[in-house]
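Every number here is computed from the coordinates shown, using simple stated rules; none is lab data. For clarity, every value in this text was computed on a predicted model and none was experimentally measured. Cβ sites come from the backbone with ideal geometry, for glycine too, and all protein chains shown count toward neighbours.
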């Protein structure tokens with residue numbers, strides 16, 4: 001999506017973020033600024049972290065806001081060197097309006113001096129409140145200001161006056177800080193509240209009683225007080241707000257027309273709830289090894305937030321803005337440089353049983369299943385060197401537990417960092433399918449029938465089991481969501497098909513209205529197998545942790561513009577992210593692309609490339625040459641591989657997608673997202689190659705052409721690939737339990753996402 005100018009954003013947005021001057025950018029810039037801000041040497045670093053899950057009756061409770069606070073605190077302390085004594089948290093009933101305002105004043109305004117770092121984070125509900133002196137049109141209606149809901153925001157409402165904290169008030173509080181090194185983070189939204197599918201949205205309606213929410217007299221008095229402290233007139237305040245944010249950097253979880261998801265992740269004892277944005281940001285910053293500027297972090301985070309939002313199955317694009325006239329885009333996030341090496345976890349204590357307890361702040365949402373048990377972490381010193389190992393035995397939420405490996409002679413203490421060495425992908429990883437209420441009485445028929453499918457697990461849609469997808473009937477709401485998200489081929493009202501947990505329809509999964517539930521489930525069996533294979537594949541994605549020096553670039557044919565770039569942690573330059581450049585992240589349907597893989601290792605590597613469409617369709621792009629099945633996947637040191645191979649005598653004026661030739665060309669079709677998955681191993685993938693050759697022969701696929709996977713092929717191919725990788729891993733390190741080991745020194749698994757739009 002093209003960037004919006006700040007002026008246009010302010011006119012279109014109605015959130016608190018817009019009220020303090022935020023403009024849309026991509027997530028990567030957001031994260032880098034946040035990291036850069038935290039990294040500066042200062043006399044003091046202060047943080048106020050607020051999370052509200054439990055609101056009084058009448059306001060939908062949330063589930064992930066306290067996790068957000070914990071995520072931020074662990075990150076600030078263990079990665080950016082904040083003193084825990086300088087971090088104040090307000091949670092649930094403690095986060096009243098007055099307590100929040102008092103804490104901002106006494107902990108931040110009174111203490112912060114010029115050059116100090118200040119961080120304010122809020123996770124909770126947002127809304128809209130009437131503004132007596134507005135600066136923008138909010139959600140198409142003039143006269144509103146975005147607001148934050150403290151615990152008591154909607155208690156004792158009289159004449160529609162609420163206890164919300166308006167964006168205008170937050171602007172004045174920021175302006176009264178004596179330092180410019182300020183980072184404000186808001187994980188809330190201001191429209192479309194309530195429940196959607198298996199998700200709860202962090203917003204409440206602006207309607208109160210019989211009219212719109214109005215600011216309380218106390219709120220207006222607070223604004224008058226801080227206006228007087230600044231010596232500003234109301235006209236000057238309006239002019240300042242129109243220019244942009246008051247101080248430093250402000251980051252928000254979603255655009256004004258999007259929803260901020262309060263989502264569930266994992267299952268069983270490992271389940272937890274969190275804000276998609278906070279999870280993406282903090283996880284990214286744990287794993288970022290260098291000290292990139294905020295502009296780059298925000299771009300990187302676009303991919304990370306999409307990763308988490310995909311797990312939550314909802315479109316969510318963060319926004320950010322910097323103080324006008326300041327070059328804070330080149331500063332690190334939090335105005336602070338990381339004080340410790342990149343890591344996936346940090347030791348937080350030792351149990352009476354002798355188990356090591358650690359916080360898994362750097363683990364991706366899509367790979368959580370690989371960190372239940374059997375994973376192995378390297379204990380690293382301040383320079384990132386391994387000094388021991390911890391074998392994970394269990395996980396409760398984001399808290400992991402494990403035992404020291406026999407080779408670890410030194411005792412480890414709280415604060416020591418852990419890096420992923422081997423993840424343990426369960427051999428029986430399942431696809432959780434939620435049974436949506438739109439099925440009505442057919443839920444009881446669907447449950448046992450789905451349970452007969454191997455590794456397909458039917459679950460309830462009640463926020464307790466984190467389904468990967470939902471089975472349900474198309475409704476008017478579902479059609480509206482599909483239209484808004486430009487999803488086509490979604491069937492008519494009453495037809496049965498698959499949705500994401502955020503009720504986004506899976507294209508081409510719907511049958512005819514009136515189709516019996518039993519017939520629909522049988523029809524969807526192949527699609528479910530494809531989705532299961534994709535879920536298993538994504539559990540091994542490790543560009544953020546792999547030590548192999550590899551890079552993947554996806555670009556249009558005859559173009560130097562890269563629409564996707566995936567780089568492993570072990571790559572030269574230390575870039576950790578899978579990156580999408582905003583200006584070129586979308587390609588039109590019918591575009592021809594090529595995938596280039598570069599080997600920066602001093603040894604041979606072996607490459608497999610797969611493509612997954614937005615409907616779950618899967619194809620093997622490489623290897624496909626059955627005349628040289630052992631040598632084709634090999635990529636020698638310093639060499640590059642381009643797929644598809646470009647034939648000699650190519651006509652630069654010919655559209656090979658519209659007028660195909662005998663050679664294989666990779667063309668994009670249908671709107672949505674296409675994903676290129678690249679697996680790079682230090683050992684030959686012999687069993688997988690044999691299996692692919694058999695599938696190609698059975699399907700009469702010619703050598704050199706991509707292999708479409710169907711029926712049981714996808715799961716079998718992926719399981720065989722993991723089996724090859726597991727054998728390599730076990731030759732290097734001991735992996736226990738019913739898992740397949742994926743060693744970061746032996747495998748790089750990278751994903752590149754492409755958005756496809758219609759002409």
Listing 358, 265, 335 by rising number of other beta-carbon atoms within 10 angstrom, fewest first, gives 265, 358, 335
Within segment 431-532, the percent of DSSP beta bridges that are antiparallel, given to the nearest 5, stands at 40
Once residue 157 and residue 94 are pulled to full extension, the length gained, defined as 0.36 nm per residue separation minus their Cα-Cα distance, is 20.7 nm
One finds the C-alpha centres of segment 438-470 and segment 150-180 to be spaced, in Å, by 43
Residue separation between residue 558 and residue 477 times 0.36 nm, minus their alpha-carbon distance, gives in nm 25.0 nm
Expressed in angstrom and rounded, the centroid-to-centroid distance over alpha carbons for segment 227-293 and segment 680-759 is 38
By Cβ neighbour count within 10 Å, fewest first, 262, 102, 406, 116 rank 406, 102, 116, 262
Going from the fewest other Cβ atoms within 10 Å to the most, one would list 432, 473, 283, 488 as 488, 432, 473, 283
